[in-house]
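What follows is a short report on a single structure.
What follows is calculated from the coordinates using simple rules that are stated; it is not laboratory data. The structure displayed is predicted, hence computed values, not measured ones. Cβ placement follows ideal geometry from the backbone for every residue including glycine, while neighbour counts extend to all protein chains displayed.
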Amino acid sequence: MELDKLAEMDLRMGKANQEIFAETLEKLAAKDRDIVAVTSDSRGSGKLVPFGQKFPQQIVEVGIAEQNLVGVAAGLASAGKKAFAVSPACFLTARALEQIKNDVAYSDNPVKLVGISAGVSYGALGTTHHSLHDFAALRAINNLIIVAPADNFETEQAVLLASQSSSPVYLRFGKKAMPFLSEENQKFEFGKARIVREGSDLTIIANGETVYPAWKAAKALDERHGISAKVVSMHTIKPLDTQLLDGLAAKRKPIITVEEHMVNGGLGEACASYLFQKGARNRFQIMGIPDEYTVTGSQMEILGHYGISPEGILARAEQLLK
Amino acid sequence: MTDSELKIKSVLLRKNLLKYIYKAKAGHTGGSLSCVDTLNVLYNRVLNVDPADFKNPNRDRYIQSKGHCVEALFVTLADRGFFPESDLETLCQYQSHYIGHPTKKVNGVEQNTGALGHGLPICVGEAIAAKLDGKSHRVFTLLGDGEMPEGSNWEAFLSAAHYKLDNLYAILDNNKQQITGSNQEVMNTDSLREKLEAFGWAVREVDGHDLDQLEKALNQGPLEAGKPSFVIAHTIKGKGISYMESVLKWHHGVPSPEQYELAMTELDTAEAQI
C-alpha cells in the first residue's frame with residue numbers, strides 16, 4: 001500500500017490547524033472581551049471572517065502593514081488586551097522581526113504572534129511566501145515561547161494556553177487538513193513534548209505538519225521491518241523538552257528530526273545542540289529544507305523533493321538503522 | 001507650580017542632564033537639550049501620572065519614540081519623584097537599569113524603546129485599547145525628526161487617522177538635525193504639516209522652547225475632534241548652551257571639563273534672568 005494512503009484507515013481526519021485556531025479564538029472571544037485579533041488584510045487567510053462578523057469590537061485591521069501590526073498589538077497587549085497578531089508566517093516573522101524583538105519580547109508585552117500558512121504551505125507561490133527561517137530567527141530572541149502544533153488537538157490547546165499566558169508566544173500553523181494524531185483529553189503544556197506513537201528502536205522527533213508523515217513512516221517501519229519507532233511531537237521548540245531528550249540520550253537509540261523549516265537553526269539543531277552538550281552518543285540525523293534556492297512546486301512536492309515525506313523519512317530511517 | 005517656576009525647572013533639567021552625561025561620558029546631548037522643554041511641560045503640566053501609582057490603568061501614557069534622548073526623560077522622571085535622582089549616578093554603568101535608552105526596569109518608563117520608528121505604532125495600540133474600553137486617558141509620543149523616514153511611522157499615521165484616535169498626541173522634536181547632517185541633506189522631510197494633514201491628522205506648529213505654547217497645544221483636548229493630534233515643536237538642537245546650539249557634533253558629544261563649566265555658568269545666568 002502507498003504510504004500516503006496508509007493513515008486514512010486509522011486516523012480521524014480533522015481540519016487545517018489554522019481553521020481550528022480561528023474557531024478556538026471565537027470561542028474565547030465570546031467569553032472574554034479582552035481577546036482582540038489584529039490582522040493585516042489577513043482575516044481571510046486566517047479564517048477570521050466569521051470572527052470579524054461576530055466580534056467587530058474585538059478585531060483591529062491595520063491593512064498590509066506588518067510592522068504596524070506587531071507594534072499595535074504590543075500597545076494593545078500593554079493596555080491589557082489579549083492581542084493575537086495574525087499574518088502569514090513569512091511576513092510576520094521577517095518584515096516585523098524588529099517589532100517582535102523589541103516591542104513584544106524585550107518589552108515583555110504578551111502578544112500572541114500567529115504565523116499562518118507557515119513553512120511551504122503556500123507552495124507554488126514561491127520563496128517570498130515561504131517561512132523557512134522563522135524558528136531560527138525567533139529562537140535567537142529572548143522571552144518568546146515558540147510552538148508549532150501537530151494536529152487539531154494540539155492547536156486548540158495551544159491557543160487556549162497562549163490566551164492565558166503572560167508571556168509572548170509565537171504559534172505557527174499550516175493550512176493543510178491534519179488528522180488527529182493521538183488521543184484527545186491528554187494533558188498539553190508548552191515545553192512538554194507529546195509522544196504520538198511509542199517505540200523503542202528509533203525516535204523520530206517532528207513538529208507542526210511534519211509529525212503526520214513521521215507517524216506514517218513509523219507505521220511503515222513496523223509493518224515492513226518490525227522496527228519500533230517512537231514518534232514525538234516536539235510542538236514547543238522553545239523551551240525544548242529537555243527531559244524527554246535526556247531520556248532519549250540515556251537509551252542511545254538513533255534519532256531523526258523532521259521539520260518544515262530550513263535545517264539551519266530549527267528543531268533539529270535545537271535538539272542537537274542540547275544533546276551534544278549533554279554528551280549524548282545517539283546517531284543523529286536532521287531532515288529539513290536544505291540551504292539552497294528552494295525547489296518550486298506545491299507544498300507536498302517541495303516537501304517530497306527534500307525527503308520530508310513518509311517515503312523520505314522511511315528511507316532515512318532504514319539507512320540509519322543499517 | 002507657577003509659570004516662572006516651570007521655566008526655572010527647564011534650566012534645572014538642562015543642568016541635570018548635562019551633569020549625568022558628563023559623568024557617564026556618554027549621552028545624546030543635543031537632542032536631549034532640544035526636547036527637554038517638551039518633557040518638562042508634559043510631566044509637570046499635562047500628563048496624569050502618579051509616581052507612587054504608576055501602573056494605574058487610567059494614567060496617561062507617554063512613550064518616547066526617540067529613545068536615544070533618554071537623559072532628558074530620566075532627569076524629568078527623577079525630578080518628578082519616580083526614582084531618586086542619585087540613581088542616575090549609575091547611568092550607563094555595568095548592571096545599571098539606567099542605560100542609553102528607556103527601559104521598563106525604570107519606574108515611569110512605559111515601553112522599551114530605542115530602535116526608531118517603534119513608539120508610534122505602540123501608541124496606536126494603546127489608544128485603540130483605550131477607545132475599546134471607553135477610557136478617557138490620553139496617549140503621547142515624542143518623535144525625532146530624524147526618524148520620520150522610518151516606514152513604520154507612516155503605517156501608524158494611516159492607522160491612527162483610520163481609527164480616528166483623537167486620544168493620541170504625537171509631538172515632533174523638530175530640531176532639524178540628525179547624526180549625519182541636516183534633515184534636509186540626509187532625507188528631506190519638508191512640508192510635514194501638509195503631509196500629516198493629508199494623512200488625516202490635525203497639526204499645530206509651536207515654538208518647542210516656549211512652555212506656554214507647548215502646554216496650550218498639548219493640554220486642551222485634541223486639536224480637532226475625531227483626529228489624532230500632531231504637534232510640530234520647532235526646536236534647536238543643543239538649546240540653552242551657546243556653543244552647542246545647532247552644532248552637529250553635539251548630537252552625542254560629551255563636554256570637556258572646561259566646556260562643562262562654561263555650560264553650567266551659562267545655565268546659572270539663564271536661571272538668574274528668569
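Each 10 Å bin from zero holds the following percent of Cα-Cα pairs in the protein assembly as shown: 3, 17, 24, 20, 15, 11, 7, 2, 0, 0. Taking R0 as 25 Å, what's the FRET efficiency between A:R283 and A:A140 from their Cβ-Cβ distance, rounded to 0.05? The computed FRET efficiency comes out at 0.35.
Using a Förster distance of 60 angstrom, determine the FRET efficiency expected from the C-beta separation of A:E318 and A:K31, and round it to 0.05. In this case the efficiency is close to 0.75.
Averaged over peptide B:146-154, the number of partner chain Cβ atoms lying within 10 Å of each residue's Cβ comes to 2. Going through the range A:179-236, which trypsin sites (Lys or Arg not before Pro) have at most 12 other Cβ atoms within 10 Å and a DSSP loop state? Answer in residue order: A:K187. Each of A:S200, A:S78 was scored by other Cβ atoms within 10 Å of its Cβ. Arranged with the fewest first, they read A:S200, A:S78. Legend: residue pairs A:K187/A:K230; A:K216/A:K322; B:K104/B:K249, Cα-Cα distance threshold 22 Å; pairs beyond threshold, B:K104/B:K249. The number of Lys pairs in the range A:1-157 with C-alpha atoms less than 27 Å apart, excluding pairs fewer than 8 positions apart on the same chain, is 29. Mean partner shielding of peptide A:56-68, defined as the number of other chain Cβ atoms within 10 Å of each residue Cβ, is 5.
Remark: mean inter-chain Cβ contacts per residue of A:79-92 equal 2, using a 10 Å Cβ-Cβ cutoff to other protein chain atoms. Among complete DSSP H helices in chain B, those whose alpha-carbon atoms stretch at least 18 Å along the helix's long axis and whose mean Kyte-Doolittle hydropathy reaches -1.0 are B:3-24, B:29-41, B:119-132, B:257-273. When you filter the GluC sites (Glu not before Pro) in the range A:259-302 for DSSP loop state and at most 16 other Cβ atoms inside 10 Å of their Cβ, you are left with A:E292.
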